[in-house]
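Worksheet: the structure to be examined is printed underneath.
The values are calculated or read from the model by the stated rules, or taken from the named source; none is laboratory data. If you're wondering where the values come from, they're calculated on a predicted model, not measured in any experiment. Every residue, glycine among them, receives a Cβ derived from its backbone with ideal geometry; neighbour counts consider all protein chains shown.
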Amino acid sequence: MSIYTDAKYMDVPYEEKLKLFKEVKDDMRYDHNLYGCYECGICVAACPSARFYDFSPRVFAQIMAREDVDTFYELLNDNVWDCSQCYSCTRCPRQNNPGGIILMMRDAAVRAGLQSAKDALRAYSRIIYKVMSTGTQVAPDMLQPDFFPDWGTDVKAVAENLDVWRRAIPPETLHTTELAWDVSEKTRLELYMIWKLTGNLELIEGIDEGIYMILEEVMEELLDDNGYDIDDFENILED
Amino acid sequence: MSVTTQAPAVHTESKVPLKEFVRKGEPPTEDYREKLFELEAKGELEVQRVPEPIMEVETKYGRKKKIPVEHTWHHKSCGQCGHIPGYSTSIFWLHRQFGLDYFDPKDQSSCTAWNYYASSTSNSAAQAAIAVRNFAQAKLDGYFPLIHCGTSFGHYKETREEIIHHPELRDQVRRIMDRLKMPFVFPEEIVHYSEWIHAMRHRIAERQTLDFSNIVSTVHPACHYHKLVVEDAIYDRELYDGQRTAIVTGLVEALGAKAADYSTWHDCCGFGFRHILVSRDFSRSFATIRKIERMKEEADPDVTITHDTGCVTTLDKSQFAAQAHGRNVGIPVLSDAQFAALAMGAHPYNVCQLHWHGVDNKPLLEKMGIDHKKAWEEFETIAERIESGELDFMTWEDADVK
Ligand code: SF4
Ligand code: SF4
């Protein structure tokens, strides 16, 4: 039972919350990210997200240290995605890394396929597809006025001249429009093997089934073209 | 007196007698190089040595860091290559000007850390394997990794810490690398390109063709450069009394420009990883209210110089909407590589590719003594020849046409 009268998610069974809490505590990085908390607020003063959201890195450190499972679950759903992952909070005099705690929590939220994680990542799926399939995260062809309407008229100029302007850059690796640079087939193949061997494709399945299906098809095709069977690459983390 | 000349400089005259702080104690953090060599001695992995010739720099707690002059494998950045291509081009151009041996690989993947920090759709084993695959490829190609992106740099340093401390992670990475038929390699140092620029700054200044003495610049240090694994960032007693990272400011001063201080120097740019792509109201507000407007009010610089992908993008692109709202913005944003290249006479469009930037940088170019109208015509002539099919692409020789 939460100590707060206005606590949320009280309909979610405690065991479910505890399971996720334990996952975070069992993360190999946990001991290095939390050493206790003075409750001094230095991390909050340094935190960009704290200035524009109802958000505080201090609360993450406190809640984890106090093992307040109910509030942990609330943060996991309502606050983790506001963090900017800048690590300004490593100024902590207790040597905590609140940004690192948040990253471990996000990992747990994604692994569990929480609806709040799906909502936070809905508009982001195309980026996941880009990086996992091509090996580069953003590409010149993403510079479209409808995707970046607030970036000014230069985006329109880039979009209109994209092919020519890309070839008007001296390094040969940069004459690409769909990838940030020319990534070899060998490298993409090795990257796909890594995604498969570490269970990352299944992770995507839990977050966005549509993207998962397209990704699997793209990967299967390249592996197949190179004489590999996608099913030979089992998740080694489950051993 | 104009507002510009009143901007607070880095070296403000002290009103009290100067006392030099001398660090006596041992560094409070472990020496990751020693740990890597221990793992190598046990046969767990191979450590790639920094190739000669080496430049030595000092890091936060006094440890020396080795920076290679050349024979570097350029680990490119998604955001730089994709959206600010003059950034990477300037890094390569500088190497070419000094006649240094470098390699621009196609067998390189993104570190994928931007995605990881944004979405958590990955895990430690995948992230470590991606790092080691790139490092193994660099070793196989016979070059030493030089990391272009600040986030790759920070993330690889975190990965190094995890690999050193977690035998189970090493075991997972080893099994993956065996399946890839590649060796388990880690470099002796993780080196960011801006560290190479810092170490080369006096050589760059010797080759300077433009006078920057009337240029006032603010500096934004990248969070993932100096806040992630803090001990592995360059500090210099001569800059900020050794109390802040010397990166970028060292170059600005070496080129004779004035590095002007401002109160939110330590703040992030607002990039946010996820936010810059799908929640930009936050990034825009933070970049303009906490950074650009503060710089404008307190230093009124001609330019702000930074050294990472996300920082250039966020600080530059966020200003358009803010300007439409009548906010006090309008500072051109360049990387240190572009600033150094311009100082050495690089073409503003063929090399520095400034047409990919948002904020109007023409007044800055004029102050630098660059004829931007003529330069743009030169770029357009080449672009037209590409469009007509006469040229396949712009060569390095085309780019340097004066
Ligand atoms: S800076 Fe550290 S000790 Fe202080 S409140 Fe934040 S996490 Fe706690
Ligand atoms: S990493 Fe997150 S919690 Fe830490 S300072 Fe940055 S935004 Fe705040």
Worksheet item: Which residue, of A:Lys130, A:Lys156, is more than 16 Å from ligand 1 (Cβ to nearest atom), out of contact with any Ser or Thr (no Cβ under 6 Å at 6 or more places or on another chain) and within 23 Å of B:Ser285 (Cα to Cα)?
Response: A:Lys156
Practice prompt. Say whether the condition of being in a helix (DSSP H, G or I) and away from ligand 1 (no atom under 16 Å from the Cβ) is met by at least one residue in segment B:207-220.
Written response: no
Fill in: Within segment B:114-162, considering residues that are at pLDDT below 95 and in a helix (DSSP H, G or I), the one farthest from B:Thr309 (Cα to Cα)
B:Ser119
Worksheet item: Where in segment B:252-322 are there helices (runs of 4 or more DSSP H), lying wholly inside it, with at least 2 residues that are surrounded by fewer than 21 Cβ atoms within 10 Å (Cβ to Cβ) and more than 10 Å from chain A (Cβ to nearest Cβ)?
Response: B:293-298
Worksheet entry | Counted residues, segment B:65-96 - those being more than 13 Å from chain A (Cβ to nearest Cβ) and not hydrophobic (A, V, I, L, M, F, W, C) | 6
Worksheet entry | Single residue of segment A:64-90 satisfying the filter (out of contact with any Lys or Arg (no Cβ under 9 Å at 6 or more places or on another chain) and more than 10 Å from ligand 2 (Cβ to nearest atom)) that is farthest from the other protein chains (Cβ to nearest Cβ) | A:Arg66
Worksheet item: within 11 Å of ligand 1 (Cβ to nearest atom) and not hydroxyl-bearing (Ser, Thr, Tyr), is that true of A:Arg66?
Response: no
Fill in: Residues of segment B:270-302 satisfying the condition of being acidic (Asp, Glu) and over 15 Å from B:Ser217 (Cβ atoms)
B:Asp281, B:Glu293, B:Glu297
Worksheet item: Does A:Leu174 qualify as being at negative phi and under 25 Å from the mean Cα position of the chain (by Cα)?
Response: no
Worksheet item: Condition test on B:Glu40, is it over 21 Å from the mean Cα position of the chain (by Cα), modelled with pLDDT of 95 or more, surrounded by fewer than 21 Cβ atoms within 10 Å (Cβ to Cβ) and not assigned by TED's automatic domain parsing to the domain that holds B:Val351?
Response: yes
Discussion item. Of everything in segment B:94-108, what is closer than 17 Å to A:Trp181 by Cα and buried (at least 24 other Cβ atoms within 10 Å of the Cβ)? Give them in sequence order.
Written reply: B:Gln108
Item to complete: Please find, among A:Lys22, A:Lys17, the residue that is part of a helix (DSSP H, G or I), among the basic types (Lys, Arg), away from ligand 2 (no atom under 15 Å from the Cβ) and surrounded by 14 or more Cβ atoms within 10 Å (Cβ to Cβ).
Response: A:Lys17
Worksheet entry | Selection from segment B:237-261 of residues that are in contact with a helix residue (DSSP H, G or I) (Cβ under 6 Å, 6 or more places away or on another chain) and modelled with pLDDT under 95 | B:Leu239
Worksheet entry | Residues that are within 14 Å of ligand 1 (Cβ to nearest atom) and not in a helix (DSSP H, G or I), drawn from segment A:25-44 | A:Leu34, A:Tyr35, A:Gly36, A:Cys37, A:Tyr38, A:Glu39, A:Cys40, A:Gly41
Worksheet, complete the sentence: Checked against (1) within 13 Å of chain B (Cβ to nearest Cβ); (2) at negative phi; (3) near ligand 2 (Cβ under 10 Å from one of its atoms), A:Ala61 satisfies every condition except (1)
Discussion item. Of all residues being within 11 Å of chain B (Cβ to nearest Cβ) and more than 25 Å from A:Lys19 (Cβ to Cβ) in segment A:93-127, which is nearest to ligand 2 (Cβ to nearest atom)? Just the residue, please.
Written reply: A:Gln95
Worksheet item: Out of curiosity, is B:Asp141 touching a strand residue (DSSP E or B) at 6+ places or on another chain (Cβ under 8 Å), within 11 Å of another protein chain (Cβ to nearest Cβ) and among the charged types (D, E, K, R)?
Response: no
Fill in: When residues of segment A:161-182 are limited to those that are assigned to a loop (DSSP other than H, G, I, E, B) and of a type in the set (D, E, K, R), the one nearest to the other protein chains (Cβ to nearest Cβ)
A:Asp182
Worksheet item: Restricting attention to segment A:183-232, which residues are assigned to a loop (DSSP other than H, G, I, E, B) and within 12 Å of chain B (Cβ to nearest Cβ)?
Response: A:Val183, A:Ser184, A:Thr198, A:Gly199, A:Asp208, A:Tyr228
Worksheet, complete the sentence: Apart from one, (1) farther than 23 Å from A:Met142 by Cα; (2) without any contact (Cβ under 8 Å) to a residue 60 or more places away in the chain all hold for B:Pro301; the odd one out is (2)
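Conditions (1) touching a Cys at 6+ places or on another chain (Cβ under 7 Å); (2) under 17 Å from A:Arg106 (Cα atoms); (3) not β-branched (Val, Ile, Thr), marked per residue:
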site: A:Phe52; (1), (2), (3): no, no, yes
site: A:Ser56; (1), (2), (3): no, yes, yes
site: A:Val59; (1), (2), (3): no, yes, no
site: A:Asp70; (1), (2), (3): no, yes, yes
site: A:Leu76; (1), (2), (3): no, yes, yes
site: A:Asn79; (1), (2), (3): no, yes, yes
site: A:Ser84; (1), (2), (3): yes, yes, yes
site: A:Ser88; (1), (2), (3): yes, no, yes
Worksheet entry | B:Thr395 being over 27 Å from B:Ile331 (Cα atoms), within 13 Å of another protein chain (Cβ to nearest Cβ) and within 25 Å of the chain's Cα centre (by Cα) | yes
